[in-house]
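Chemist: Would you mind keeping the following structure in view while I ask a few things?
The values are calculated or read from the model by the stated rules, or taken from the named source; none is laboratory data. Being a predicted model, the structure only gives us computed values, none of them experimental. All Cβ positions, even for glycine, are placed from backbone atoms using ideal geometry, and neighbour counts span all protein chains on display.
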Amino acid sequence: MENDISTSPVWFHEENGQRKGPVSQTEIMKLIKSGTVTYGTAVWRKDYPDWLAIENTDLRQHLLQVAPPPLSGKHVNNTFVWILAFAPLIGLFLEGIVAGLLSENEFSAEIAIANSKYWFVTVLLNIALSYCDERKLKAAGHNTDKFKGWVWLVPVYLFQRAKAMKQNLAYFIVWIVCFVASLCV
């Protein structure tokens, strides 16, 4: 006979920024097996002082039965995120190339650049690099659902990524500096 909610630990879990529960020990195990609750998911029960990542609880042993933990921040390929950090300046350079290719002469290309006619090149570059980086993180086993929607707003994505990967904010800061520098050019 399965334990019911009155005789087993009562669990709450986070899902898409919302508190879910209470669920029994048996139900939380089913959520782990289905992949609904996985590494990085916040869980709580009455004897916890605060919400904890599930891998920091006694439920960790059940996660290991389902899948290995995600790669740590130092083992994830950060190539895309560092290219993304310099994307505002790279995008400005690419805007110049596009203006040169699509303009009749050098003077009209300079006017197009000065008027930010090809601003969308930089925006597309930022979004594409954020998307590629998010896919790399997912392949490394990370749950990116909490911040993948932020690829449209790159600095927020970079900040959320650094927090999730337990890394410093270096690439976030570099992006901000490059963005400000691109505005001054």
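Chemist: Could you list, in sequence order, all residues of segment 153-168 that are surrounded by fewer than 14 Cβ atoms within 10 Å (Cβ to Cβ) and either acidic (Asp, Glu) or not in a helix (DSSP H, G or I) (or both)?
Modeler: 166, 168
Chemist: Here is a further query. For the condition of a type outside the set (Phe, Trp, Tyr), modelled with pLDDT of 90 or more and outside the structural domain of residue 153 (by TED's automatic domain parsing), what is the one hit in 112, 42, 53?
Modeler: Just a single option satisfies the conditions, and that option is 42.
Chemist: Take the residues in segment 53-63 that are part of a helix (DSSP H, G or I) and more than 23 Å from the chain's Cα centre (by Cα); name whichever of them is surrounded by the most Cβ atoms within 10 Å (Cβ to Cβ).
Modeler: 62
Chemist: Could you list, in sequence order, all residues of segment 11-31 that are under 14 Å from residue 53 (Cα atoms), modelled with pLDDT under 90 and of a type outside the set (D, E, K, R)?
Modeler: 17
Chemist: Within segment 64-81, take every residue that is out of contact with any helix residue (DSSP H, G or I) (no Cβ under 6 Å at 6 or more places or on another chain) and farther than 30 Å from residue 33 by Cβ and give me the one that is surrounded by the fewest Cβ atoms within 10 Å (Cβ to Cβ).
Modeler: The extreme case among them is 79.
Chemist: Check off (1) outside any loop (DSSP other than H, G, I, E, B); (2) without any contact (Cβ under 8 Å) to a residue 12 or more places away in the chain for residue 22 and give me the number that stays unchecked.
Modeler: It fails just one condition, (2).
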